[in-house]
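Reading through the structure tokens given below for one structure.
The values are calculated or read from the model by the stated rules, or taken from the named source; none is laboratory data. Everything numeric in this text was worked out from a predicted model, so none of it was measured. Glycine gets a Cβ as well: all are built from the backbone with ideal geometry, and neighbour counts include every protein chain shown.
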């Protein structure tokens, strides 16, 4: 497969990992089924264009509001229905959001006369049982903002299946919500109650899939400096070296833009000729074309 | 791949579809996470033996108690958290049960020194929007025994991905709970609030995967005649013709053994040399070996 001729600035970009923000898919104000479906449909119209242009695409997504809702249901129903652990809830959000994504993308592709296998994989991700995050839970989830551990992703356990399906021409939806976290204990895998950062997991997945580009779609137009000022400066194309300096200086908040920047840096630095973008959900296509959002390129740019 | 030498009665059986009963995985009395995990572990020990013997395996499963629990949570939490539709709940049970299955199977395989990709696919299944079931909801779900439609499965929409992964040597978990039901509406797929019979879906899947055998694992040792008497007669090997006669005579209850018998008949009759079994969950291995449960063979036997 060759790079799409309509996107000359993208020569060399063939395989993409797209990470959709959970908040971008469901605002905290209304995480109901219809709102989520509408947001997913907007995003998938753009993904369909990318599929039509010939890109190989793996899609991952956040699940913050959705997993919060499930934890809350657990609480409200716990006297009647046995509560399920957090790792089960993560798996459940992979299914529902993945199902929405697959269905919306299929509709958008059908309108273009394109038929393509779209596989939604329940995806588990290995973390280290000795990760310091486990003794310092820092990630708030659910309405009660309970803190859970957010360990580093080490390996997407279902990677081989994702590669196989992508190689076969399919679109794969996987590693949603950062993946279901598993630890290795006496040689056997066991689920743990934790939440993996979905952008860091996307970077790992993109690296292991040998993707050419990682696009993180969120609810702001890109990375900004002086965000609290009257005139924030939105970053366009920037080198990993320069962005890394800003990141080390603590420019980006830990709970929001920090991990996205970190994910872009990790992905771009782990290979040659790679590109990572952070852009608004509605600018997804433009971000891949190099025209929208913040675009991180290798080395000193 | 050749048939395992340890199972001479199975010459010619290479690809299996195993359907695990939702009730067998979680008794109605205790559908909590631990009980489900324990039941799945028992089943997966036997599936691991089958993998070790060289069979290609797709696993599907029921979700009755589990989807009931999710619907109940929806109800109990609905003033606080937006309720999600039934098709989302089906997808959620595919994720959690699939996750349990994959993790348990991986552990059982690891104990045998076997590494194998195990893929859990969120699976959608096409039904006909004009299926008469939609005007005659007959399937009770949830604690309030609300009746929903149970339309006929027409096609497993994610079949191509399942075939690809099986061909590549993986174990696939898919079409759980009979699949997420979708209808085609003006050329586009849309989820519907219905529940597809998981055994009929398993038969369709097994047929389309060109499986050699379908094994339906449940909470009784097989098919029985005179079940209400003091001495029920358990059926062993039986021809599709003979079982079909009994089925037509209304011998098997619609809500329980009827669809399992129907599934076996459909699968066996749709191809040559096929075998379908109904057996207890703990007799899974014996059922594949032809030593346990009710075994349905083609034609007049």
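For the residues A:255, A:244, A:250, A:285, the requirement of being more than 18 Å from the chain's Cα centre (by Cα) and either assigned to a loop (DSSP other than H, G, I, E, B) or crowded, with 19+ Cβ neighbours inside 10 Å (or both) singles out A:250. Cβ separations smaller than 6 Å between residues 6+ apart or across chains give the following pairs from segment A:83-96 residues that are more than 7 Å from chain B (Cβ to nearest Cβ) to residues that are outside any helix (DSSP H, G or I) and surrounded by 24 or more Cβ atoms within 10 Å (Cβ to Cβ): A:87/A:180; A:90/A:180; A:93/A:63. Within segment B:108-127, is there a residue that is surrounded by 21 or more Cβ atoms within 10 Å (Cβ to Cβ), in a loop (DSSP other than H, G, I, E, B), at pLDDT 95 or above and more than 9 Å from chain A (Cβ to nearest Cβ)? Yes. Flag set for residue A:190, criterion: facing chain B (nearest Cβ under 10 Å), farther than 18 Å from residue B:117 by Cβ and surrounded by fewer than 22 Cβ atoms within 10 Å (Cβ to Cβ). Scanning segment B:59-69 for residues that are out of contact with any strand residue (DSSP E or B) (no Cβ under 9 Å at 6 or more places or on another chain) and more than 8 Å from chain A (Cβ to nearest Cβ) turns up B:63, B:65, B:66. Is there a residue in segment B:159-176 that is in contact (Cβ under 8 Å) with a residue 24 or more places away in the chain, buried (at least 24 other Cβ atoms within 10 Å of the Cβ) and closer than 24 Å to residue B:247 by Cβ? Yes; the residues of segment B:159-176 include at least one that is in contact (Cβ under 8 Å) with a residue 24 or more places away in the chain, buried (at least 24 other Cβ atoms within 10 Å of the Cβ) and closer than 24 Å to residue B:247 by Cβ. Residue A:232 passes every criterion in (1) over 20 Å from the mean Cα position of the chain (by Cα); (2) at pLDDT 95 or above apart from (2).
Here is a yes/no grid of residues against (1) at pLDDT 90 or above; (2) touching a strand residue (DSSP E or B) at 6+ places or on another chain (Cβ under 9 Å):
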residue: B:2; (1), (2): no, no
residue: B:16; (1), (2): yes, yes
residue: B:22; (1), (2): no, yes
residue: B:28; (1), (2): no, no
residue: B:38; (1), (2): no, no
residue: B:41; (1), (2): yes, no
residue: B:45; (1), (2): yes, no
residue: B:51; (1), (2): yes, yes
residue: B:82; (1), (2): no, no
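Of the set (1) surrounded by fewer than 24 Cβ atoms within 10 Å (Cβ to Cβ); (2) touching a residue at least 24 places away in the same chain (Cβ under 8 Å), all apply to residue B:130 but (2).
Within segment B:144-157, the presence of a residue that is facing chain A (nearest Cβ under 10 Å), in contact with a helix residue (DSSP H, G or I) (Cβ under 6 Å, 6 or more places away or on another chain), at pLDDT 95 or above and part of a strand (DSSP E or B) is excluded. When the residues of segment A:23-38 are filtered to those that are more than 12 Å from chain B (Cβ to nearest Cβ) and surrounded by fewer than 24 Cβ atoms within 10 Å (Cβ to Cβ), the one that is nearest to residue A:112 (Cα to Cα) is A:38.
Here A:13, A:18 are screened, and the one residue that is touching a residue at least 40 places away in the same chain (Cβ under 8 Å), more than 8 Å from chain B (Cβ to nearest Cβ) and closer than 25 Å to residue B:119 by Cα is A:18.
Within the span defined as segment B:97-106, one or more residues are buried (at least 17 other Cβ atoms within 10 Å of the Cβ), within 17 Å of the chain's Cα centre (by Cα), within 7 Å of chain A (Cβ to nearest Cβ) and closer than 19 Å to residue B:197 by Cα.
Scanning segment A:177-196 for residues that are touching a strand residue (DSSP E or B) at 6+ places or on another chain (Cβ under 8 Å) and either without any contact (Cβ under 8 Å) to a residue 24 or more places away in the chain or part of a loop (DSSP other than H, G, I, E, B) (or both) turns up A:179, A:190, A:192, A:193, A:195, A:196.
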